[in-house]
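One structure is given here, and the rest of the page talks about it.
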Amino acid sequence: PSQSLTELITKSAAYFEGGVLSYWLVLPDLRSIYVFSAPGEYESFNKEDKLEDPRLEIELELKDIFK
């Protein structure tokens with residue numbers, strides 16, 4: 001992508017202002033997902049984790065995603 005990681009994180013504030021409940025930043029090369037629950041507040045998950053996003057009521061085994 002043409003956007004830097006910093007730009008993507010900064011954009012999360014605008015998304016939350018627009019009413020999103022949760023913002024996921026997926027980094028496939030690192031096999032990681034960052035789940036933002038508010039601007040600057042996030043939890044990171046890697047390929048061995050079970051991702052849980054209570055705001056969206058989603059649970060995913062990342063080992064099934066990042067094969």
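The table below gives the values:
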{"quantity": "Close pairs (9 angstrom Cβ cut-off, 6 or more residues apart or separate chains): under 20 Å from Asn46 (Cα atoms) in region 7-25, assigned to a helix (DSSP H, G or I) and of a type in the set (S, T, N, Q) anywhere", "calculated": "Tyr23/Ser12; Leu25/Ser12"}
{"quantity": "Residue match in region 31-41 (condition: of a type in the set (D, E, K, R) and touching a residue at least 12 places away in the same chain (Cβ under 8 Å))", "calculated": "yes"}
{"quantity": "Region 32-54 - residue that is closer than 18 Å to Gly19 by Cα and assigned to a strand (DSSP E or B) and, of those, nearest to the chain's Cα centre (by Cα)", "calculated": "Val35"}
{"quantity": "Boolean, Glu57 is of a type outside the set (A, V, I, L, M), surrounded by fewer than 16 Cβ atoms within 10 Å (Cβ to Cβ) and within 11 Å of the chain's Cα centre (by Cα)", "calculated": "no"}
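Every number in this text was worked out from the coordinates using simple rules, so none of it is lab data. These numbers were taken from a predicted model, which means no experiment stands behind them. Cβ atoms come from the backbone with ideal geometry, glycine included; neighbour counts cover every protein chain shown.
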